[in-house]
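So the structure is just underneath, and the comments pick up after that.
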Amino acid sequence: MQVMPLQPATIDRVLGALADQTRRDILRRAMAGQEGVAELASHYAMSFAAVQKHVAILEGAGLVSKERSGRRKVVRTEMEGLRVAQRLLDQYEALWRGRIDRMTSLIEATKETDA
Amino acid sequence: MTVTAVRKDPVNLTLTLTAEFDATPERVWELWSDPRQLERWWGPPMYPATFTRHDLAVGSRVNYYMTGPEGDQPRGYWDILEAEPPRRLAFRDGIANEDWSANADFPRIDDVVTIEAIGPGRTRMEFQAHYPSTAAMEQYLAMGMEPGLTEAVGQIDAILAEDAVGAR
């Protein structure tokens with residue numbers, strides 16, 4: 001299980017974009033790909049311009065894109081950006097599954113010793 | 001499998017694993033509190049860990065190094081934030097310099113372990129890690145990961161055989 005190389009600039013943009021709670025929330029909502037910037041902005045106690053700025057940062061990191069849906073433009077989460085994070089979590093899951101397997105075998109081994 | 005649930009949140013970069021063991025909470029806590037037992041499961045088979053300083057009291061520092069197949073020995077440390085034996089352990093996992101000082105170039109991982117009895121001789125352990133960034137996740141993986149990590153089966157057999165021999 002090798003870590004696939006990522007462009008450092010990509011990593012910086014992605015993690016900078018993910019560093020903000022509002023942007024993470026926008027990402028979640030935009031997975032549905034049904035709301036435009038104005039609709040997204042209605043969920044937050046901040047100005048339309050502020051939300052627009054967050055969306056622009058997410059767009060710059062490749063985490064969302066704007067696409068036409070009929071007459072409107074909707075914001076949609078780009079799953080590839082999230083996949084980078086998901087792939088890393090998969091590797092940590094494998095690491096911890098290995099650890100828990102070893103913990104289990106240690107417990108089993110001491111039981112046999114006690115018996 | 002003893003792992004009963006896994007949750008991965010790619011937006012918040014958290015991993016949560018739940019595992020169940022046929023053991024008491026005290027026995028599961030020992031796997032963390034006894035450095036010699038901890039050494040037998042913390043490092044992957046090809047990167048065994050050695051704990052040179054170990055105390056799970058709040059405010060304590062735990063130091064360890066891992067030994068890779070090429071003889072490389074990356075160093076790590078934990079800062080213990082919360083410890084309630086045998087129920088809860090929270091620590092920050094970081095990468096250390098040669099002199100064991102914290103390597104400030106590597107953001108730290110926040111880990112929380114909760115252990116609870118779910119029946120007689122049956123215990124559930126939840127482990128949650130919150131990773132600071134995808135870049136940090138890659139840096140930690142580079143320390144002590146080898147291809148085929150999940151193929152720890154050979155290692156498990158070895159531990160079992162060794163314990164049977166060492167049984168008194």
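The values are calculated or read from the model by the stated rules, or taken from the named source; none is laboratory data. This is a predicted model, so every value here is computed, not measured. Cβ atoms come from the backbone with ideal geometry, glycine included; neighbour counts cover every protein chain shown. Calculation scope for accessible area: heavy atoms of the full protein, side chains included, ligands and nucleic acids excluded. Shrake-Rupley method; radii C 1.70, N 1.55, O 1.52, S 1.80 Å.
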Scanning the range B:8-42 for residues that are in a loop (DSSP other than H, G, I, E, B), at the interface with chain A (Cβ under 7 Å from one of its Cβ atoms) and under 13 Å from the mean Cα position of the chain (by Cα) gives B:Arg40, B:Trp41, B:Trp42
Per the filter on the range A:62-86, residues in a helix (DSSP H, G or I), more than 7 Å from chain B (Cβ to nearest Cβ) and surrounded by 17 or more Cβ atoms within 10 Å (Cβ to Cβ) are A:Gly81
Please enumerate the residues belonging to the range B:56-82 that are farther than 18 Å from B:Ser101 by Cβ and of a type in the set (Asp, Glu). B:Glu70, B:Asp72, B:Glu82
Determine whether the range B:44-57 contains at least one residue that is touching a Lys or Arg at 6+ places or on another chain (Cβ under 6 Å) and within 11 Å of another protein chain (Cβ to nearest Cβ). no
On the basis of being among the β-branched types (Val, Ile, Thr), within 14 Å of another protein chain (Cβ to nearest Cβ) and open to solvent by 20 Å² or more (accessible area, probe 1.4 Å), does B:Thr2 make the cut? yes
Any residue that is in contact with a Pro (Cβ under 8 Å, 6 or more places away or on another chain) and modelled with pLDDT under 85 - is there at least one of those in the range A:89-110? yes
Inspect the range B:81-99 for any residue being in contact with a Gly (Cβ under 9 Å, 6 or more places away or on another chain), polar (S, T, N, Q) and open to solvent by 40 Å² or more (accessible area, probe 1.4 Å) and give the result as yes or no. no
Against the condition touching a residue at least 24 places away in the same chain (Cβ under 8 Å) and surrounded by fewer than 17 Cβ atoms within 10 Å (Cβ to Cβ), how does B:Asp34 come out, does it pass? no
Which condition breaks for A:Asp90 when tested against (1) open to solvent by less than 60 Å² (accessible area, probe 1.4 Å); (2) free of Cβ contacts under 8 Å to residues at least 24 places away in the same chain; (3) within 14 Å of chain B (Cβ to nearest Cβ); (4) in contact with a Lys or Arg (Cβ under 9 Å, 6 or more places away or on another chain)? (1)
